[in-house]
Amino acid sequence: MDAELVERVRRFNRTVTQRVGALEDAFLSRGRPLGHCRVLWEIGERGSEVRLLRARLDLDSGYLSRILRTLEGDGLVIVESDPDDARVRRARLTGKGLGERAELDRRSDDQAASILRPLDPRQRERLVTAMAEVERLLVASMVEVAVADPRHPDARYSLGEYFAELARRFPKGFDPGRGVPAGADDLTLPRGLILVARLHSDPVGCGALKLRGGSAHLKRMWVAPAVRGLGLGRRLLAELEARAAEHGAATVRLETHAALTEARQLYRTAGYREVAAFNDEPYAAHWFEKTLRGQASSAVS
């Protein structure tokens, strides 16, 4: 990694943490640090499962438990078993907690206004535009991609969403049973694999490979609508190519439907060339191939 880029990120982090008051013991003068205030705010007016709270904030379970105990001791939060499932713990705000959350909202608005106030209108627009771009890129950096068992609930969910989207977008619908098969056994090594992308522990994308000799067949590329535009499709494609090379494939092949114009654009800009049909996939109108060069060294573990 470029050392200058790393230093610029660190400098940005120092500026932001100081400007928003993250270094203060009493964030927004409320007598508790930023982490405690953020947990209080994230619990929200309707409460939250502790498991989901931990995933959304990417917090260690022990650390979150300590924060919740402190907030309980302050009379702001109650942690209890879900009435429908005793194994599930839920956190909810007390009346005092709801009042504190409203006050945090008010003071957070004031703090945001204090950042904007010294700037002229043009500078304000530049700042909030830059913030939006930074937010998108930070979200992209938080997505984790890893090989999954195709039978895992996250893989099954991703494939289900993929099939549902194709059924909506294809003029005559989509039946996975009619196409070239890519079942669980096909997507388990050594025959193949599936990558699942997760954001805050939620599945937001997938892509799969069928491995055969010196070639790989790319299947099941899907990115959730909520994270499109973050470059996740291109990242999945690059990581699939790296995995293919790691397992001895010299080429990657794929086919796609005429309705998936954005997919064809992705493949072309990633170096795939359109070739003659190499299978009888009934939903395909375009077939692509790419020769891999030097991919194995970039494979992600």
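The values are calculated or read from the model by the stated rules, or taken from the named source; none is laboratory data. Here the structure is a predicted model, which is why all the values come from computation and not from measurement. Note: ideal-geometry Cβ built from the backbone for every residue, glycine included; neighbour counts use all protein chains shown. Protein only, heavy atoms only, side chains kept; ligands, DNA and RNA dropped before computing areas. Shrake-Rupley method; radii C 1.70, N 1.55, O 1.52, S 1.80 Å.
Worth pointing out:
- Enumeration of residues in segment 248-274 that are more than 25 Å from the chain's Cα centre (by Cα) and either among the basic types (K, R) or under 18 Å from V196 (Cβ atoms) (or both): R253, R273
- Residues within segment 264-279 that are open to solvent by less than 40 Å² (accessible area, probe 1.4 Å) and part of a helix (DSSP H, G or I), tallied: 3
- Of all residues in segment 1-31 being of a type outside the set (G, A, S) and touching a residue at least 40 places away in the same chain (Cβ under 8 Å), the one that is nearest to D74 (Cα to Cα): R30
- When segment 77-106 is filtered for residues that are touching a residue at least 60 places away in the same chain (Cβ under 8 Å) and under 30 Å from the mean Cα position of the chain (by Cα), the ones remaining, listed by number, are R101, L104, D105.
- Residue identified as under 30 Å from R234 (Cβ atoms) and open to solvent by 40 Å² or more (accessible area, probe 1.4 Å) among A130, A112: A130
- Count - residues of segment 27-52 that are surrounded by 18 or more Cβ atoms within 10 Å (Cβ to Cβ), aliphatic (A, V, I, L, M) and either modelled with pLDDT of 95 or more or within 26 Å of A86 (Cα to Cα) (or both): 4
- Residue check for E165: open to solvent by less than 40 Å² (accessible area, probe 1.4 Å), more than 29 Å from the chain's Cα centre (by Cα) and acidic (D, E): no
- Cross-chain or 6+ apart pairs with Cβ under 6 Å, segment 232-256 first and closer than 26 Å to R136 by Cβ, then of a type in the set (S, T, Y) and in a helix (DSSP H, G or I): A242/S298
- Taking segment 240-259 as the range and being part of a loop (DSSP other than H, G, I, E, B) and open to solvent by 30 Å² or more (accessible area, probe 1.4 Å) as the test, the residues that pass are H247, G248, A250, H257, A258, A259.
- Scanning segment 75-109 for residues that are part of a loop (DSSP other than H, G, I, E, B) and open to solvent by less than 60 Å² (accessible area, probe 1.4 Å), we see that the one that is farthest from H200 (Cα to Cα) is G75.
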